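*Asks:* Below you'll find the structure I mean.
FYI, it's all coordinate maths here, none of it is from the lab. All of these numbers come straight from a predicted model, not from anything done at the bench. Backbone-built Cβ (ideal geometry, glycine too); neighbour counts: all protein chains shown.
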Amino acid sequence: MRALTLEQARAWYPPDDIHGYGHIRRVYALAMQLAQAEGGDTGVIAAAVLLHDAAEANPNQEGRAAHHHASAAFARRILEAEEWTEERIQAVEHCIRAHRYRDRREEPATLEAKIVFDADKLDAIGAIGVARALAHAALSGAPFFAPPSEHFLRTGQTEKDEPHSAYHEYAFKLRKIRERLYTPTARRMAAERHALMERYFAQLQAEAGNPMPPVLEA
């Protein structure tokens, strides 16, 4: 059984900082930091991190809604080729399937899965999280700020002709992440990142000239 490396992961991702290799490199560093503090099987954690978004490089993927399942299947093929045991392959698959924020059907049940989830979500908040949200909006042709509808705030679904701005992503998802983290270490790390992100999006709204109260609390 051979361990996976960051260098191998370069071949599985585009060279971007949103969901590409830059994201993987940062999440890997965060996951190793969490594992050092919390414990867990670092081999399983590392493999899950390096493969958790790998289906992004698969041209047959049907969008990000099911990317965690596509990535888990891709991980199995890679790990079988590296002669991993079935038990450890299943452990990695669970980490990958359970890392998606918007899919609550498979919650992280192992320490390894909780660490992978937390490391991935820490990269979605703070200064990096803000930069990723803005970059994604720009690449999608969406605005940085638009006022979210009450329907969107309740359901996460935009109304007709309502753009999904970077502020929408903050209002529905990013501001709630710190409360979803599993490990004490990740929760401590999230505090400063959350505060910075909250201040940024409040200022973004103010500069956009929108009179609605800022969305601050989860």
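*Asks:* What number do you get for the stretch 124-218 when its Cα radius of gyration is normalised by 2.2 N^0.38 Å, N = residues?
*Replies:* Cα Rg divided by the expected 2.2 N^0.38 Å: 1.06.
*Asks:* From the phi angles alone, apply the Karplus equation (6.51, -1.76, 1.60; θ = phi - 60°) to the stretch 187-194 and give each ³J(HN,Hα) in whole Hz, x where the residue is Gly or Pro.
*Replies:* 4, 5, 5, 6, 4, 5, 4, 5
*Asks:* By how many nm would the segment from Ala208 to Ala191 grow when fully extended, if each residue of separation counts as 0.36 nm and the alpha-carbon distance is taken off?
*Replies:* In short, 3.5 nm is gained.
*Asks:* For the chain, what does the helix formula give at 222 nm: sum of -39500 (n - 2.57) over DSSP H segments with n ≥ 4, over the residue count, nearest 500 deg cm²/dmol?
*Replies:* -18000 deg cm²/dmol
*Asks:* Please give me the summed charge of the neighbours of Ala46: other residues whose Cβ is under 13 Å from its Cβ, Lys and Arg +1, Asp and Glu -1.
*Replies:* That sum, taken over residues with Cβ under 13 Å, equals -1.
*Asks:* Another question about this same structure. If exposed trypsin sites (Lys or Arg not before Pro) are those in a DSSP loop with at most 14 other Cβ within 10 Å, what is the longest stretch of the chain that has none? Write out the running numbers ahead of the final one.
*Replies:* Numbers: sites that count: Arg2, Arg102, Arg104, Arg105, Lys160.
The segment 3-101 is the longest one with no such site.
*Asks:* Ala81 to Ala109: extension gain in nm, 0.36 nm per residue of separation minus the Cα-Cα distance?
*Replies:* On the way: separation 28, 0.36 × 28 = 10.08 nm, distance 2.60 nm.
Once the chain is fully extended between Ala81 and Ala109, it gains 7.5 nm.
*Asks:* Between Leu6 and Thr155, take the C-beta separation as r, use R0 = 45 Å, and let me know the FRET efficiency to the nearest 0.05.
*Replies:* The pair Leu6/Thr155 has a calculated efficiency of 0.75.
*Asks:* Between helix 67-81 and the chain, what is the angle of the helix's C-alpha long axis to the longest principal axis, kept within 0 to 90° and rounded to the nearest 10?
*Replies:* The angle comes out at about 20 degrees.
*Asks:* Pairs on different chains or at least eight residues apart, Cα atoms closer than 19 Å: how many lysine pairs in the chain fit? Intermediate results must be reported in sequence, preceding the final value.
*Replies:* Working: Lys114/Lys173; Lys114/Lys176; Lys121/Lys173; Lys121/Lys176.
Lysine pairs satisfying the spacing and distance rule in the chain number 4.
*Asks:* Say each of Ala127 and Arg199 gets a label point 7 Å from the Cα, pointing the same way as Cα to Cβ; how far apart are those two points in nm?
*Replies:* 1.2 nm
*Asks:* Turning to a different aspect of this structure: For the chain, modelled as a Gaussian network with Cα springs under 10 Å, which listed residue fluctuates most, His94, His68, His19?
*Replies:* Looking only at His94, His68, His19, the largest GNM fluctuation is found for His19.
*Asks:* On a 0 to 90 degree scale, rounded to 10, what angle separates helix 126-140 from the longest Cα axis of the chain?
*Replies:* Compared with the principal axis, the helix lies near 80 degrees.
*Asks:* Once the other residues with Cβ under 12 Å from the Cβ of Glu86 are scored (Lys, Arg +1; Asp, Glu -1), what is the net sum? Intermediate results must be reported in sequence, preceding the final value.
*Replies:* Numbers: positive: Arg76, Arg88; negative: Glu80, Glu83, Glu87, Glu93.
Summing Lys and Arg as +1 and Asp and Glu as -1 gives -2.
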